[in-house]
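The values are calculated or read from the model by the stated rules, or taken from the named source; none is laboratory data. These numbers were taken from a predicted model, which means no experiment stands behind them. With ideal geometry, Cβ positions are generated from the backbone for all residues, glycine too; neighbour counts draw on all protein chains shown. To get the accessible areas, we keep the full protein, side chains included, count just its heavy atoms, and leave off ligands, DNA and RNA. Shrake-Rupley method; radii C 1.70, N 1.55, O 1.52, S 1.80 Å.
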Amino acid sequence: MKIEQGVRLGRYTTLGAGGEARAFAKPTTAAEIAEALAWAQERELPVVTIGLGSNLLVADEGVEALVFRLDGELGSAETEGDLLLAGGGAANAVCLHRARAAGLGGFEFACAIPGTAGGGVRMNAGAYGSDWAEILVRALLVDERGARWLTPDELGLSYRHSELDQGQVVARVEFRLEPRDPVEIKAKVAELQALRKAAQPTNKRTFGSVFKNPEHELTAGLILEACGLKGHRIGGAQISPRHANFIENADGARAADAIALMVEARRRAYEQYGVELEHEVQFVGPLELPPLGS
Ligand SMILES: Cc1cc2nc3c(=O)[nH]c(=O)nc-3n(C[C@H](O)[C@H](O)[C@H](O)COP(=O)(O)OP(=O)(O)OC[C@H]3O[C@@H](n4cnc5c(N)ncnc54)[C@H](O)[C@@H]3O)c2cc1C
């Protein structure tokens, strides 16, 4: 497997911002992941796996890491009985297509989540009252200790959270679905996509929800909207005029612009609502939000 240098990660993210990876590889089997992990360990390089970059903010200066993007059989999916067997890098859209073709329902909620099966495990992705934890049977985890299958409990899945470390790779994912008429699945997907289109900036470059919903009667989006942040712009990034928990790449956004918006959003939410917003978007490279009040 080729290990490349000078790959700009921004082009592998939905926001479209961010610098280069020190090294970049596209493993196609669990054995290739193990081989590349050993390569990184010899060089004391950390490892980061990305999916479709749909919940990622990559630092403008790039990342000192070996970055994986799963490919080949780790990027495809098939069904067996009522199981959907996906590579960690399989796009949710591919998984949904396979499930529907096999007359298996239960994955429809993921139709508006533009990521991968493995990224969904890491984030316990979810929408419309369902999430990965509900349909996941087990996931094959590969790290420097080898490969092992873990159940949702062992993965520690909770709201947009898992206990996975950044160096751990979700190579394969098994979901249990249920028999459903493909026509019914198609109708459900159309309904959910229409709901999404009405509420979110689906035609813009974003990384999905910026912040997790806090324990508060208002969602993060409504708090930020009430703080007057819709349309607020810094550099090339702006808080979506449509939904305040989204940051859009308005024009040549840099990660630093998105971070500056996040700092301002957290400050206002804290000052006006006493809420400490926690970021949902995952950072790659030297990015962090300063503590509130600093
Ligand atoms: C328009 C839009 C709408 C969205 N709507 C939703 C929504 O409704 N619900 C929701 O939950 N999310 C939503 N998201 C966010 C995002 O799509 C999900 O978090 C998704 O699960 C991320 O998957 P990904 O493969 O793109 O992961 P990435 O964004 O590439 O990575 C996210 C995290 O997962 C890790 N990761 C990725 N793949 C692997 C792997 N194989 N093994 C180990 N770690 C891995 C990365 O290191 C990173 O920490 C939305 C995003 C956009 C742009």
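In the stretch 254-294, which residues are modelled with pLDDT of 95 or more and on the phi > 0 side of the Ramachandran plot? Matches in the stretch 254-294: GLY274, GLY285. The set of residues in the stretch 5-21 being of a type in the set (A, V, I, L, M) and away from the ligand (no atom under 11 Å from the Cβ) consists of VAL7, ALA17, ALA21. Checking ALA25, ALA17, ALA36 one by one, the residue that is under 16 Å from GLY285 (Cβ atoms) and among the aliphatic types (A, V, I, L, M) is ALA17 and no other. Taking the listed residues ALA21, ALA17, ALA36, the one that is small (Gly, Ala, Ser), in contact with a Leu (Cβ under 8 Å, 6 or more places away or on another chain), part of a helix (DSSP H, G or I) and crowded, with 16+ Cβ neighbours inside 10 Å is ALA36, with no other qualifying.
For the stretch 143-175, the set of residues classified as more than 14 Å from the ligand (Cβ to nearest atom) and of a type in the set (Ser, Thr, Tyr) consists of THR151 only. Tallying residues that are of a type in the set (A, V, I, L, M), within 21 Å of ASN249 (Cα to Cα) and open to solvent by less than 60 Å² (accessible area, probe 1.4 Å) within the stretch 208-222 yields 2. All conditions but one from (1) open to solvent by less than 50 Å² (accessible area, probe 1.4 Å); (2) away from the ligand (no atom under 16 Å from the Cβ); (3) among the hydroxyl-bearing types (Ser, Thr, Tyr) apply to TYR273; the one that does not is (1).
Suppose we keep only residues that are in a loop (DSSP other than H, G, I, E, B) and touching a helix residue (DSSP H, G or I) at 6+ places or on another chain (Cβ under 9 Å) within the stretch 191-207. Which one would you say is surrounded by the most Cβ atoms within 10 Å (Cβ to Cβ)? Looking at the filtered set, the residue picked out is PHE207.
With respect to the conditions (1) closer than 18 Å to ARG172 by Cβ; (2) among the charged types (D, E, K, R); (3) in contact with a strand residue (DSSP E or B) (Cβ under 8 Å, 6 or more places away or on another chain); (4) away from the ligand (no atom under 12 Å from the Cβ), ARG69 falls short on a single one, namely (4). Selection of the stretch 162-176 for residues being open to solvent by 20 Å² or more (accessible area, probe 1.4 Å) and within 16 Å of GLY72 (Cβ to Cβ) yields only ARG172. Does GLU225 satisfy being exposed (fewer than 15 other Cβ atoms within 10 Å of the Cβ), of a type in the set (Asp, Glu) and either closer than 18 Å to LEU277 by Cα or out of contact with any helix residue (DSSP H, G or I) (no Cβ under 9 Å at 6 or more places or on another chain) (or both)? No.
Restricted to strands (runs of 3 or more DSSP E) entirely inside the stretch 55-131, those with at least 1 residues that are open to solvent by 40 Å² or more (accessible area, probe 1.4 Å) and closer than 30 Å to ILE259 by Cβ are 63-69. Would you check if there is a residue in the stretch 176-188 being touching a helix residue (DSSP H, G or I) at 6+ places or on another chain (Cβ under 7 Å), within 13 Å of the ligand (Cβ to nearest atom) and under 30 Å from ARG242 (Cα atoms)? Checking the stretch 176-188: not a single residue is touching a helix residue (DSSP H, G or I) at 6+ places or on another chain (Cβ under 7 Å), within 13 Å of the ligand (Cβ to nearest atom) and under 30 Å from ARG242 (Cα atoms).
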